[in-house]
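The values are calculated or read from the model by the stated rules, or taken from the named source; none is laboratory data. Small disclaimer: the values here were computed from a predicted structure and weren't measured. All Cβ positions, even for glycine, are placed from backbone atoms using ideal geometry, and neighbour counts span all protein chains on display. Accessible surface is based on the protein model in full, side chains and every heavy atom, while ligands, DNA and RNA are left aside. Shrake-Rupley method; radii C 1.70, N 1.55, O 1.52, S 1.80 Å.
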Amino acid sequence: MIVDMPRVLMILGSGETSPAMVTPHQQLFARLGSTTQAMLLDSPYGFQENADELTERTIQYFRDRVGRKVEAVTFRSSPVVDPAGHAIDMARLRAARWIFAGPGSPSYALRTWAGSAVPDALHAVLREGGAVVFASAAALTLGLVTVPVYEIYKVGSVPQWLDGLDIFGRATGLRAAIVPHWNNAEGGTHDTRFCYLGERRLRMLEDLLPDDSFVLGIDEHTGFVIDLDTGAADVVGRGSDTVRSNGREWSLTTGSSTTLAEIAERAEVEPSFPAATETAGLAPGAVAALEQALEQRDVPTALALVAEFDRTASTTEQRRAATSYLARCIAALGGSGDVTATVTPYVELLLAQRARARDDKRWSDSDAIRDGLSALGIEVRDGSDGVTWDLNR
């Protein structure tokens, strides 16, 4: 876990760049610190013709209204057109401690992110320290299952769930479908509550929910801010947040607070709260030393500590933590003055970790190391005679 950095999941029903959300955004950034790397992920609206405009407006909002610099990570389609550029963007995303995504299409976002580094990056932030801020379409992807909004509301598809990322479940221990735009009233003469589903179609989907799960509804221009370290949750913005289970609802208005335990009780589900391991079982002293090395841009020391983490890792969470720290090392390495002189002695160390990951069939970890090296201009080639590499810059 990053020293003194809280773990926060902020879910917004809509209005993520509205005046109502300026203060909640500022309060969250104040908790994270002034040097937090903040990234906007543009995938949910990547198919739209005005995607560049949406990105620029969002960056401008955070700069001018919230007072924080936010950079864009471009990932608008899959398969990617520019593998090298994509690898660089994924390394930047893995190094971020505040990740934001917003409007668009949840089904498009899920298709784009499938098999990518995005889910692991989100899990890493909420495990190690930082904040994930997802709104509207992106918020829908956080749950165990997801509403394919466009397909149901615009195309007339039979209501059904898509598999979600389950970021919410892994972080909180609660199995839920996240539904923003809960109080939508755009339909006028017809029911568009519950993210354009209406009561009839929501009931159809409730019957299809997995066992021991519920619906968490977030009103428009409203947010739910969950402190994963304490289990406390606060309602911010203008409306209410609602726990719905088997048609029964329990709502909390803006300014109200609750806990994950109370949510589980109201939803009548059995929670499986994640263990409070803080550093995923990594030695706290070594983690502190690594954080200090990264802050001082002492990449050789940081890499040596990551290698030791990887050598002693015995659980999936420990291996994921080691991979996340590796990404941060790569990001720091990319910013050093003399990349060639710095990287050459350590490439073999990273490739040894990659070989171990491949032996253990941890393909996502293996790909993360390869992609990180690629982001530095290091081309890794797997051949019949073994692994070779070239430094391209």
Residue-span extension gain [D163 to A185] - 0.36 nm each, minus C-alpha spacing
5.2 nm
Given points 7 Å out from each Cα along the Cα-Cβ axis, report the K361 to D227 separation in nanometres with one decimal.
4.2 nm
What is the sum of charges, Lys and Arg at +1 and Asp and Glu at -1, for the other residues whose Cβ falls under 10 Å from the Cβ of Q48?
-3
Leaving ligands, DNA and RNA out of it, report the carbon-plus-sulfur percent of the accessible area of the chain at a 1.4 Å probe.
49 percent
Stretch W389-W250 to full length: gain in nm at 0.36 nm per residue minus the Cα-Cα span?
44.3 nm
How many percent of the alpha carbon pairs in the range 81-229 exceed a separation of 25 Å?
29 percent
Which distance in nm do the two modelled labels at D212 and S34 give, with both placed 7 Å along the Cα-to-Cβ direction?
4.6 nm
Hey, how many Å between the Cα centroid of the range 160-187 and the Cα centroid of the range 24-96?
22 Å
Calculated from backbone phi, Karplus (6.51, -1.76, 1.60) coupling profile of the range 63-69 in Hz, x at Gly/Pro:
6, 8, 9, 8, x, 9, 7
Sequence order, the range 8-21: Karplus ³J(HN,Hα) from phi using 6.51 cos²θ - 1.76 cosθ + 1.60, θ = phi - 60°, Hz rounded, Gly and Pro as x, gives 10, 10, 10, 10, 10, x, 4, x, 4, 10, 9, x, 5, 9
Length gain on complete extension for the stretch R297 to S78, per 0.36 nm per residue less the alpha carbon to alpha carbon distance?
75.5 nm
Give me, ordered by chain and number, the residues 5 or more places off F214 or on other chains with an amide H under 5 Å from its own placed amide H.
A176, A177
Cα lying deepest toward the dipole's positive end in the chain, options A289, L205, A176, charges on Cβ
A289
Using the charge dipole of the chain (Lys, Arg: +1 at Cβ; Asp, Glu: -1 at Cβ; taken about the Cα centre), state which of V22, L303, A368 has its Cα farthest towards the positive end.
V22
Qualifying GluC sites (Glu not before Pro) for the range 178-258 [loop in DSSP, other Cβ within 10 Å: at most 12]:
E186
Taking θ as phi - 60°, what are the ³J(HN,Hα) couplings along the range 30-44 by the Karplus curve (6.51, -1.76, 1.60), each to the nearest whole Hz, with x for Gly and Pro?
4, 6, 7, x, 6, 9, 4, 6, 10, 10, 9, 9, 9, 4, x
Per-residue ellipticity at 222 nm attributable to helices in the chain (runs of n ≥ 4 DSSP H, -39500 (n - 2.57) apiece, nearest 500 deg cm²/dmol) works out to -13000 deg cm²/dmol
Cleavage-rule hits (GluC sites (Glu not before Pro)) in the range 41-150: DSSP loop, at most 14 neighbouring Cβ within 10 angstrom
E49
Find out how many positive minus negative residues lie around D191, taking Lys and Arg as positive, Asp and Glu as negative, among other residues whose Cβ is under 10 Å from that of D191.
+2
Please report the accessible area of T254 (heavy atoms, 1.4 Å probe, ligands and nucleic acids excluded) in Å², nearest 10.
60 Å²
